[in-house]
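Please read the structure below before turning to the comments.
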Amino acid sequence: AALALPAAVYMLQEEVHAAELERTFIAIKPDGVQRGLIAEIISRFERKGYKLVAIKLVVPSNEFAQQHYHDLKERPFFSGLCDFMSSGPVLAMVWEGEGVIKYGRKLIGATDPQKSEPGTIRGDLAVVVGRNIIHGSDGPETAKDEIALWFSPTELISYANNAEKWIYG
Ligand code: ADP
């Protein structure tokens, strides 16, 4: 009952743009956190017009990192990658908006920063593939699975953002 919202807030939530339906999992890896790039990276998603609906700083266990990257378990870099991902704080986030899964990957740039275009997060801020500072879900299924792995449903916040009528028209 303490969390009950006034009726006006429910009305606003009903008007939330259909873009609410698309969400992606974005994580700033330990290198991005240590290098002080949290604000820079969040700013790029925020200024684009996407909405932050969940965020937390966590140090994943090695087992958790292995679960997150389970698709890559046959790759030679898998164990180094999981050691790295569990080596320090990771900023886990869920971003929402129209086309956010695909466009989020565009904002991030190619996996190897040597191949990422200037203007992208990895292109502007990273140099090597093993320290490419950010993760983003690569498709709708992965996004759904990764959000469920990193966040409980109550950590995902649906809310009306009054700028949406200016972002979506
Ligand atoms: P992305 O993160 O762009 O979705 P992948 O899913 O292919 O890319 O790989 C996951 C992560 O594994 C990369 O972001 C990178 O940190 C790491 N990685 C990929 N390829 C290599 C490699 N050849 N050497 C070391 N690390 C790699």
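Principal axis analysis of the Cα atoms in the range 108-160 yields extents of 38, 24, 17 Å, listed in decreasing size. Loop sites by DSSP among the chymotrypsin sites (Phe, Trp or Tyr not before Pro) of the chain, restricted to those with at most 12 other Cβ atoms within 10 angstrom, leave 78-167 as the longest stretch without any of them.
Among the GluC sites (Glu not before Pro) found in the range 61-166, those both in a DSSP coil and sparsely packed, with 10 or fewer other Cβ atoms within 10 Å of their Cβ, are Glu74.
A simple rule links phi to the HN-Hα coupling: the Karplus curve 6.51 cos²θ - 1.76 cosθ + 1.60 with θ = phi - 60°, which for the range 148-161 gives 5, 6, 8, 10, 8, x, 6, 7, 8, 9, 8, 8, 7, 10 Hz, with x for Gly and Pro.
Size descriptors for the chain, from the alpha-carbon set: Rg then Dmax equal 16.7, 54 Å. 3J(HN,Hα) along the range 57-73: 9, 9, 9, x, 6, 4, 4, 5, 4, 5, 5, 4, 9, 3, 4, 9, 5 Hz, from the Karplus curve 6.51 cos²θ - 1.76 cosθ + 1.60 with θ = phi - 60°, whole Hz, x for Gly and Pro.
Read-outs throughout are calculated quantities, based only on the coordinates presented, and are distinct from any laboratory measurement. All values reported here derive from a predicted model rather than from experimental measurement. Neighbour counts are summed over all protein chains in view; Cβ atoms, including those assigned to glycine, are modelled from backbone coordinates with ideal geometry.
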